[in-house]
1. Do we find a residue being β-branched (Val, Ile, Thr), under 24 Å from Gly33 (Cα atoms) and without any contact (Cβ under 8 Å) to a residue 60 or more places away in the chain anywhere in the range 191-210?
2. Looking at (1) farther than 19 Å from Gln138 by Cα; (2) surrounded by 17 or more Cβ atoms within 10 Å (Cβ to Cβ); (3) of a type in the set (A, V, I, L, M, F, W, C), can you tell me which one Ala56 breaks?
3. Tell me yes or no: at least one residue of the range 339-354 is at pLDDT below 95 and under 18 Å from the mean Cα position of the chain (by Cα).
4. So, in the range 70-113, of the ones that are in a helix (DSSP H, G or I) and in contact with a helix residue (DSSP H, G or I) (Cβ under 6 Å, 6 or more places away or on another chain), which residue ends up farthest from Val308 (Cα to Cα)?
5. Are there any pairs, at least 6 apart or on different chains, whose C-beta atoms fall under 8 Å, with the first in the range 335-349 and in contact (Cβ under 8 Å) with a residue 40 or more places away in the chain and closer than 19 Å to Leu123 by Cβ and the second open to solvent by 20 Å² or more (accessible area, probe 1.4 Å) and of a type in the set (Gly, Ala, Ser), and if so, which?
6. It is to be established whether one or more residues within the range 44-58 are in a loop (DSSP other than H, G, I, E, B) and either touching a residue at least 40 places away in the same chain (Cβ under 8 Å) or in contact with a Cys (Cβ under 9 Å, 6 or more places away or on another chain) (or both).
7. With respect to Ala306, determine if the residue is part of a helix (DSSP H, G or I), surrounded by 19 or more Cβ atoms within 10 Å (Cβ to Cβ), touching a residue at least 60 places away in the same chain (Cβ under 8 Å) and out of contact with any helix residue (DSSP H, G or I) (no Cβ under 6 Å at 6 or more places or on another chain).
Amino acid sequence: MAERFDPGTLRQWWPKPSKPRPIVIFGAGSIVGDAHLPAYRKAGFPVAGIYDPDHAKALQLAETWGIRAYSSENEAFATTDAIFDLATPPSAHAAILAKLPIGAAALIQKPLGSDLEAATIILEICRARKLKAAVNFQLRFAPMMLALQDAIAKGHLGEVVDFDAWLALATPWGLWPFLKGLPRIEIAMHSIHYLDLVRGLLGNPLGVHAKTIGHPNHGVAQTRTAAILDYGTRVRCALSVNHDHDFGRKFQACEFRISGTSGAAYVKLGVNLDYPRGEPDELWIRPAGSADWVAVGLEGAWFPDAFVNRMANLQRFAAGEDEELIGSVEDAWQTMALVEAAYQSSAAPATAIAPLPGR
């Protein structure tokens, strides 16, 4: 039986490490200035420095935040007892991981490689070098999602039987120039967050039906996806994602609906609306036994607070304060396997419709 629903008691923060380790960041792209550095400053996590092959770019960001810009990879690798934060394109992950000290702790920007084959290579590198490595699928750690997971764990929704993701918005893909020319975009770089979250909530699906396509108004490989995750006959899970709904804010949306046997939840992912400025996140719950929806007062947002919680878990695991590393490379590989299956499904022929019989 579910306990009495009190939205103020739902968990929204991960415990902080008692002695935070210095963070060494690889990459000086927009996500570092928009999320990583604001999160670490907010949390009080020390940043030792930043390295980027484009030294001028790293230097500019470092000066803005009052941190060091390493002039070489070796300088960055030499930082003792560090957490290595790889905010790098997927094609760069393996080479950096292969040079990290044996047994080091690392946070790897999603996706875990460009495809499942590359993810497997990274997995093997992390195993061989005994790295305490996690992937930055930080949506699981957003305050709204920690609260949602807590509400589910406490029985306020009953058994979860429906998960709907609906996105109709305009995403400024030009903010990430490294995406230009890549063959896999939407699922691999965006909806992968949602697939990982679903895995965290519901476990691994039996399979997936998916179609992902581009749009005639631009050259980005894919920006629109429809997917159904197969959880058998008890759970329905569907995602409808359209990054090209560029007709004003009025009817745009970025939301999840999670329904259980006795309660439900609604989540608004505000950061994606007018990104990167964003709008406030929202979490509403209609708990078991209640006729009314209750707004959960959120103490933070996906950006940057999920990055605080994500790093806190890695820091605590590296120090032996957490027993489980959430979103470990081993776990993230399974999200990559789901992504791979979605692309294979998209490339496969659909079930043909029977033609009208001849007269």
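The values are calculated or read from the model by the stated rules, or taken from the named source; none is laboratory data. Quantities reported herein were computed from a predicted structural model and do not represent experimental measurements. Reconstructed Cβ throughout: ideal geometry from the backbone, glycine too, with neighbour counts over all protein chains shown. Just the protein is used for accessible areas: all its heavy atoms, side chains included, with ligands, DNA and RNA removed. Shrake-Rupley method; radii C 1.70, N 1.55, O 1.52, S 1.80 Å.
1. Step one: list which residues in the range 191-210 are β-branched (Val, Ile, Thr), which gives 192, 198, 208.
Of the ones still in play, those that are also under 24 Å from Gly33 (Cα atoms) are 192.
Add one more test, that the residue is without any contact (Cβ under 8 Å) to a residue 60 or more places away in the chain, and what stays is none.
No, that holds for no residue.
2. (2)
3. no
4. So in the range 70-113, the residues in a helix (DSSP H, G or I) come out as 73-77, 90-97.
Of the ones still in play, those that are also in contact with a helix residue (DSSP H, G or I) (Cβ under 6 Å, 6 or more places away or on another chain) are 93-94, 97.
Values: His93: 22, Ala94: 24, Leu97: 22 Å.
Per the criteria, the residue is Ala94.
5. Ala341/Gly207
6. Taking the range 44-58 first, the residues in a loop (DSSP other than H, G, I, E, B) are 44-46, 52-54.
Those still in the list that are either touching a residue at least 40 places away in the same chain (Cβ under 8 Å) or in contact with a Cys (Cβ under 9 Å, 6 or more places away or on another chain) (or both) too: 45.
Scanning the range 44-58, I find at least one residue that is in a loop (DSSP other than H, G, I, E, B) and either touching a residue at least 40 places away in the same chain (Cβ under 8 Å) or in contact with a Cys (Cβ under 9 Å, 6 or more places away or on another chain) (or both), so the answer is yes.
7. The answer is no for Ala306.
Table: residues versus (1) charged (D, E, K, R); (2) part of a strand (DSSP E or B); (3) at pLDDT below 95.
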| site | (1), (2), (3) |
| --- | --- |
| Gly174 | no, no, yes |
| His209 | no, yes, no |
| Val220 | no, no, yes |
| Leu229 | no, yes, no |
| Thr233 | no, no, no |
| Ser240 | no, yes, no |
| Phe256 | no, yes, no |
